[in-house]
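Right, one structure below, let's go through it.
Read-outs throughout are calculated quantities, based only on the coordinates presented, and are distinct from any laboratory measurement. Just so we're clear, the structure is a prediction, and the values are computed from it rather than from any experiment. Here the Cβ positions follow ideal geometry from the backbone for every residue, glycine too, while neighbour counts run over all protein chains shown.
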Amino acid sequence: MLMQCLQNQGRYKFGQLIIGYQTRHLSIGGYMNKNVKLLNHTNTHLLQAIHLPKMQLIRYTGYRANASAQKTGMSGNVIIISVLYYGGTLVVSNVLSIGELTSISINGLSNFYTKLNKGNGSAQRIWEILDRKYEIPLNFGIIPSEKRKGQVIFDNVKFCFPARPKNIVLDNFTLVLRPGETTALVGRSGSGKTTIATLLLRLYDPLNGRIVLDDVDLRDLSPIWLRSHIGAVNQEPVLFSGTIRDNILYGLNPNVNFTESHLEEAVRRAHVDEFSSQLPDGLDTLRGVLLSGGQKQTVAIARALINVHTSVTAKYIVIFLSQNPTILILDEATSALDSVSEELVQNALDELAKGRICLTIAHRLSAIRNANTIAVLDNGHVIEQGSYEQLITQNVGTFKELVNEFMMKKFLVYTKSVQCMLRVICVK
Ligand SMILES: Nc1ncnc2c1ncn2[C@@H]1O[C@H](COP(=O)(O)OP(=O)(O)OP(=O)(O)O)[C@@H](O)[C@H]1O
């Protein structure tokens, strides 16, 4: 109701609505902890990225939640007093013993007290998050008058996360992402691939060096403008409570000319329909958060796809959404899919990447084979770079090792499944 009402009044964007969604549940004490969990560190970035820190709205919904919690508390008290009053009359008329009445009251009181404490703890966490100061101010920086088509350059970037200042993640990292080209990042786990995507989204600033988009340092650009030009699908797409449809459409600019057929096409191409059609309410099934990892990824891909399609006539990620993104980040976007769906979805993503600056991070060969350039990362810098054909023909090198390891893993999986099949046949 609240969301509908505010949306009708055009007081905030659809993405903001999600927070309304989350906080709305605060009024139902039992759900409080579950929903507050969503507001963790990563999601604070998410809020930044989808322009959510409109404190007014969040505070508004926070107050609403607070008011609702108070109402719940008060109604609880009224119920207890009524029970005591009515129970007292039953005791007087010997229908109920004092012991029975006391057990009912103590039970009710302890439930109420537990919920009250849970509510207090959760509300505190929300306020802590709302009171956080953003290190990267959102409403600051250049908003270029025209859409950028140029290249992204990571120029001698050095970076470590503030939480681990001694762990240098990137050192002397230099890479050029060219418009219309797909650049794939490969490397062992922990080599810094996702960190590069994080820096491109300007969730952190480098310690040394710079990242430039069309000769402009990202630090000089408006973060809101920058993020609105980046589309991303990541390893663990964040889905909110609400329907699958809400999760695909969230962040979609309400002013764009969106039609149901755009949604249907994105759903079909991302293969969301394969599982949504089995659900009783299809795309309108609630609790999008209960989907499997692979299903969540398809929903995130549908998000990215719909933004591209609606922008043709008329807004990732998973997490970040943008209207016809100039830059596309695919961070293990198909890692949770089975091999058949992976191939189909990969084709859709390859098409999505056309004409954009695409940064793809993947462990699977199928996701990088078509990349124009593959950069192999080790200890935070590029050690090998070239096309798939160039790198694969090298006799030695990290890329070759990674490919061999990948082939070996694939072979082991294959032999295991053959063994299983043979066992089933023998048992039969
Ligand atoms: N938020 C964070 N705070 C502190 N350290 C972090 C944070 N995120 C990542 N790291 C560290 O930074 C290094 C690089 O992590 P990153 O996620 O970029 O690696 P990756 O190459 O993407 O790995 P994977 O292939 O497993 O996803 C790791 O040592 C990791 O522990």
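Set against the 2.2 N^0.38 Å expectation for a compact globular protein, the range 152-393 has a Cα radius of gyration ratio of 1.00. A Förster radius of 45 Å, combined with the Cβ-Cβ distance separating Asp217 from Thr102, puts the computed FRET efficiency at roughly 0.05.
From the Kirkwood radius over Cα pairs of the range 109-196, Stokes-Einstein at 20 °C and 1.002 mPa s returns a whole-number translational diffusion coefficient of 119 µm²/s.
Once the C-beta distance of Glu128 and Leu84 is scaled by a Förster radius of 41 Å, the resulting FRET efficiency is 0.65 to the nearest 0.05. Among Lys158, Lys416, the order by Cβ neighbours within 10 angstrom, fewest to most, reads Lys416, Lys158. The Cβ shell under 13 Å around Phe275 holds other residues with a net charge of -2, Lys and Arg each +1, Asp and Glu each -1.
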